[in-house]
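What follows is a short report on a single structure.
The values are calculated or read from the model by the stated rules, or taken from the named source; none is laboratory data. Everything numeric here is computed off the predicted structure, so don't read it as measured data. Quick reminder, even Gly has a Cβ in these numbers, built from the backbone with ideal geometry, and neighbours come from all protein chains shown.
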Amino acid sequence: MENLEIVLQIHNWSEQALKELEIKLSTPLNPDEIKKYSEEYSKMKEINSLAKEYLELEDEIQLWKEEMPENFETEIERLENKKEKIIQELISLVIPDDEYSGKNILLEIRAGTGGDEAALFAADLLRMYLRYVEKKGFKAEIIDENKTDLGGFKEVIVRIKGKNVGKYLKYESGVHRVQRVPTTESGGRIHTSTATVAVLPEASDVDVEIDPSDLRIDTYRASGAGGQYVNKTESAVRITHIPTGLVVTCQSERSQLQNKERAMMILRTRLYQMKLEEQAKKISANRKSMVGTGERSEKIRTYNFPQNRVTDHRINYTSYNLQAVLDGELDDFITKLMRIDMMQNLEIILKGGYENES
């Protein structure tokens, strides 16, 4: 579906929705209803305004092309870039709120098959995401890490804060595969290794209530690659959630209290994720998206060094600028994934919305 067709559908849908909301707001309502419909109206107004602006830019570009086709290429390029920014804003607004909305996220990266090479690839992915986060203006903080002697990571957990951060990064969940010649390989053979990424919405006490009697908390001496404070005190913490068997460890801080707080944050978030997955299984109408389920076993992307390419298998899109991607240039992939998600959601909204009214 072309961008123009998408925007026309959004424009028509938002026009209809605004009329319906105006009718609702003109009837007697209680304070909660007024707040709810007013917020919906404000958001729909923004969507409608952006769609109108896009359509006006489309007309303006057509006018330039017809009347002055030779002299105004720079102006047309500027208008096309403006259209693309509007599309990205519309994508973010039209994709419905979900469990990520209004929440920070925990990004977990774990080395998979491939031993030391997999751990080094996990470190490459960490760097890629930290660069991307910096470019987007989000804030990242490493919560826990388990390093290897060669500078890789068996596991690393990052807390990322920012507006709509989950809407952008949720598509990164799954198995990432690398194909390259490891530095430790003397024969020059290409190896395939993997790392698993999980993007979890950070849970609060309101989302998940944990009974202290359900927890077993153990302390031990931190271990890992080097460090002045490693193995000196029992600062590392292991928390076991007895009902589910979930175990969380944290040893990155020198303070036992800080490690306990971080471990509780991770445990709460993982319990929340289990709760969300259970709810999704109970909803029979829950569709399987073209952009994937986000399951940790799902292979989503391959980074091939000999061919200088990165391929996203969900959307069959390949970039031949691997280094730029590893430097955090992920917008091409994420925007395409968001666009497909938006089109699927828009199709459901339009079909369900108008059919339900008739």
Legend entry - Sole exception among (1) over 21 Å from residue 156 (Cα atoms); (2) at pLDDT 90 or above; (3) more than 27 Å from the chain's Cα centre (by Cα); (4) outside the structural domain of residue 124 (by TED's automatic domain parsing) for residue 306, by number: (4)
Legend entry - Single residue of the stretch 248-275 satisfying the filter (among the hydrophobic types (A, V, I, L, M, F, W, C) and in a helix (DSSP H, G or I)) that is farthest from residue 144 (Cα to Cα): 274
Inset, instruction - Confirm whether residue 103 is in contact (Cβ under 8 Å) with a residue 12 or more places away in the chain and part of a helix (DSSP H, G or I). - result: no
Legend entry - Considering residues of the stretch 314-338 that are at pLDDT 95 or above, surrounded by fewer than 16 Cβ atoms within 10 Å (Cβ to Cβ) and in a loop (DSSP other than H, G, I, E, B) only, the residue nearest to the chain's Cα centre (by Cα): 327
Legend entry - Among (1) of a type in the set (Asp, Glu); (2) under 25 Å from residue 269 (Cβ atoms); (3) surrounded by 20 or more Cβ atoms within 10 Å (Cβ to Cβ) - the single one residue 97 does not satisfy: (3)
Legend entry - Residue selected from the stretch 1-47 under the condition more than 31 Å from the chain's Cα centre (by Cα) and not in a helix (DSSP H, G or I), by the criterion nearest to residue 61 (Cα to Cα): 26
Inset, instruction - Working only within the stretch 157-198, note down all residues that are of a type in the set (D, E, K, R) and closer than 19 Å to residue 323 by Cβ. - result: 172, 177, 180
Inset, instruction - Can you tell me which residue within the stretch 48-75, out of those that are at pLDDT below 90, of a type in the set (A, V, I, L, M, F, W, C) and assigned to a helix (DSSP H, G or I), is surrounded by the most Cβ atoms within 10 Å (Cβ to Cβ)? - result: 61
Legend entry - residue 344, sole failed condition from (1) part of a helix (DSSP H, G or I); (2) over 24 Å from residue 133 (Cα atoms); (3) modelled with pLDDT of 95 or more: (3)
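More than 18 Å from residue 339 (Cα to Cα) and surrounded by 19 or more Cβ atoms within 10 Å (Cβ to Cβ), is that true of residue 90?
no
In the stretch 129-158, what residues are more than 27 Å from residue 271 (Cβ to Cβ) and either in contact with a His (Cβ under 8 Å, 6 or more places away or on another chain) or crowded, with 21+ Cβ neighbours inside 10 Å (or both)? Break it down stepwise before answering.
Initially, the stretch 129-158 is screened for residues more than 27 Å from residue 271 (Cβ to Cβ), giving 131-132, 134-137, 148-152.
Those that are more than 27 Å from residue 271 (Cβ to Cβ) and either in contact with a His (Cβ under 8 Å, 6 or more places away or on another chain) or crowded, with 21+ Cβ neighbours inside 10 Å (or both): 132, 152.
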Legend entry - Single condition residue 4 does not satisfy, out of (1) surrounded by 14 or more Cβ atoms within 10 Å (Cβ to Cβ); (2) of a type outside the set (Phe, Trp, Tyr); (3) touching a helix residue (DSSP H, G or I) at 6+ places or on another chain (Cβ under 7 Å): (1)
Inset, instruction - Only residues that are under 17 Å from residue 8 (Cα atoms) and hydrophobic (A, V, I, L, M, F, W, C): list them for the stretch 75-91, please. - result: 86, 87, 90, 91
